[in-house]
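Below is one structure; the comments refer to it alone.
Since every read-out is calculated from the coordinates, none of them should be taken as a lab result. Everything numeric here is computed off the predicted structure, so don't read it as measured data. Here Cβ is always computed from backbone atoms with ideal geometry, including for glycine, and neighbour counts include all displayed protein chains.
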C-alpha cells in the first residue's frame with residue numbers, strides 16, 4: 001500500500017532507509033526496489049531534458065507522481081542517502097530501449113527492471129546517465 005498523505009510517505013521512506021542500513025547489499029536493494037514499485041505510476045512526469053528542474057527527494061515524495069524515471073530517481077536518492085560503501089558506482093541510466101534504470105556496474109545489478117532487481121546484466125546501450133555524485137547535488 002502506498003501512503004496517501006505526504007507525512008506518511010516521508011515517515012515510510014525514512015523507515016525504509018533505516019531498515020536497509022543493516023541488510024546485506026542485495027537485500028537492501030531488493031527492499032528499496034520493491035518499495036518504489038508500489039508508488040502510483042503515472043506517465044510523463046519527468047524527462048531527461050528537464051534535469052535541472054527535477055525535484056529533490058522530499059519534493060518527489062510530496063508530488064506523489066511517479067513515471068518510470070521518477071521511480072528510478074527515487075530509488076537512486078534512497079541508495080545515495082544510505083551512505084553505504086559496500087557497492088561500486090551507481091548511476092541512473094536511460095537505455096537505448098527507453099528503460100530508466102538504476103545501474104550498479106560493478107555488481108551488475110539493475111533496479112526498476114520489470115519490477116525486480118536484476119542480477120548479472122548483459123551488455124546494454126546507455127543513452128544518458130547520471131552518477132551518484134551528480135544526483136546528490138539535487139538535494140544539497
_Ranking of 85, 50 by count of other Cβ atoms within 10 Å, fewest first_ = 85, 50
_Calculated Rg and Dmax of the Cα atoms in Å (choose from (1) 14.6, 40; (2) 13.9, 40; (3) 16.5, 54), label_ = (2)
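If a/c stays under 1.5 just call it rounded; otherwise compare a/b with b/c (prolate if a/b is bigger, oblate if not). Do that for region 1-81, with a ≥ b ≥ c from the square roots of the Cα gyration tensor eigenvalues. Present the calculation step by step, with values, prior to reporting the outcome.
Working: a/c = 1.81, a/b = 1.44, b/c = 1.26.
In terms of gyration-tensor shape, prolate.
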*Classify region 32-71: rounded, prolate or oblate, from the alpha-carbon gyration tensor (a ≥ b ≥ c, eigenvalue square roots; a/c under 1.5 rounded; otherwise prolate if a/b is larger than b/c)?*
prolate
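What's the exposure ranking of 52, 27, going from fewest to most Cβ atoms within 10 Å?
Working: 52 6, 27 13.
With the fewest neighbours first, 52, 27 line up as 52, 27.
Which order results if 79, 118, 125 are arranged by neighbouring Cβ count within 10 Å, fewest first?
Working: 79 24, 118 16, 125 8.
In increasing order of surrounding Cβ atoms, one gets 125, 118, 79.
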*To the nearest Å, what is the center-to-center distance of region 66-96 and region 1-34, using C-alpha atoms only?*
13
